[in-house]
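Q: Below is one structure. I have some questions about it.
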Amino acid sequence: MSDNKAKDLIGAIKEKGRKLEAEMSFFDHIDALRKHLLRALAVVLVFTAGAFYYTDFIFNTVIMGPINPRFWTYRMMCKIYERFPSIGEEFCIKTIEAKIINTEMSGQFTLQLNACVMAGLILGIPYLLFEIWLFIRPALHETERKSASGFVAFASLLFFTGILFGYYIICPLSVNFLINFKVSPDIENTFTIDSYLSTVMTLTLGSGIIFQLPVVIYILSKVGIMTPAFMRSSRRYAAVIILIVAAVVTPTADPFTMLTVALPLFLLYEISIYISANIERKRKKALAS
């Protein structure tokens, strides 16, 4: 065997070794991620099991709350009307004529199961974020770890703020509009419990996810994809996108409801600009030193 062939053979073996090592490293990361996700799933299952114990409260108080005239949002709206009568008596919602039915034999059992699973998922989000943080932390430098040390708390705070905003603002306004909206007076509105639960969960969870915008901008700014200059120059386009998102999240034709949803999103966008600018400032400072 000539020297060139021997060198080629050795080079091929080394290249194969590097590829095998990279593949093993990839699968090691996948296995580590699997373990983190399984622990998060176990916590969600624990919260789900606990939710079954409080089924009456979750269903009668939480889920059915937006169709109860004594719901906090409706009471606050009536207080606002008493203080500012010029906004119109229709602003104060005192009665909600909602007829909700079940059309499936296992419908109410499925409802209970889905409600408890969603409650477990919502309550388990902070721990899920914590496991994600444990997974990505080893890949960060010491300075990056320090700057992102509040990731779990910040993301959880935004998520639950979005959940509360969706549940107490978006959900009751949208549900009340959809319940009373009629194309023709000859058509009676009767809703299935699946449709009602889906609407409440979509509006509530959707709001919680949308409120993660600053976290997304933080990550994109860290990897250099997003810059504050780009976000400032794109404000007008962002405004249009935010209004479209608000229109999709709130399935109503009421501009007041849409603007109520859009205003916090505008605020989140401005906060995201500040976060991106802060990251860029630190990056320039690190390069200058």
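Taken together, the values in this text are just the output of simple stated rules run on the coordinates, not laboratory data. Source: prediction; values computed, not measured. Heads up, the Cβs are rebuilt from the backbone with ideal geometry, glycines too, and the neighbour counts pull from every protein chain shown.
Q: Quick one: Kirkwood hydrodynamic radius for the stretch 33-211, alpha-carbon pairs, angstrom, one decimal?
A: With all distinct Cα pairs of the stretch 33-211 included, I get 18.7 Å.
Q: Only loop residues by DSSP count here, and only those with at most 16 other Cβ atoms within 10 Å; note down the chymotrypsin sites (Phe, Trp or Tyr not before Pro) in the stretch 75-183 that meet that.
A: Filter output for the stretch 75-183: F181.
Q: Along each of the three principal axes of the Cα atoms of the stretch 155-223, give the extent in whole Å, ordering the values from largest to smallest.
A: 57, 19, 18
Q: I would also like to ask the following. Along the charge dipole of the stretch 212-284, which of T260, A277, S233 sits closest to the positive end, that is, farthest toward it, with unit charges on the beta carbon of Lys, Arg, Asp and Glu (+1, +1, -1, -1)?
A: Most positive-ward Cα: A277.
Q: Report, by chain and number, residues whose modeled amide H sits under 5 Å from the one on T192, excluding near sequence neighbours (fewer than 5 apart, same chain).
A: I101
Q: For a quick check of your reading of the filter: which GluC sites (Glu not before Pro) in the stretch 96-132 sit in a DSSP loop and have no more than 10 other Cβ atoms within 10 Å?
A: Of the GluC sites (Glu not before Pro), the ones in loops of the stretch 96-132 whose Cβ has at most 10 other Cβ atoms within 10 Å are E97.
Q: So if I restrict to the alpha-carbon atoms in the stretch 190-235, what is the Rg, and what is Dmax, the biggest pairwise distance, in Å?
A: 17.0, 51
Q: Another question, if that's okay. Over the residues of the stretch 212-284, compute the C-alpha Rg and express it relative to 2.2 N^0.38 Å.
A: Against the compact-globule rule of thumb, the ratio is 1.21.
Q: Using each residue's phi in the stretch 202-212, evaluate 6.51 cos²θ - 1.76 cosθ + 1.60 at θ = phi - 60° and report the 3J(HN,Hα) Karplus result to the nearest Hz, with x for Gly and Pro.
A: 5, 5, 6, 5, x, 5, x, 6, 4, 6, 7
Q: Take the residue pairs K79/K182; K222/K282; K222/K285 and return only those whose Cα atoms are more than 19 Å apart.
A: K79/K182
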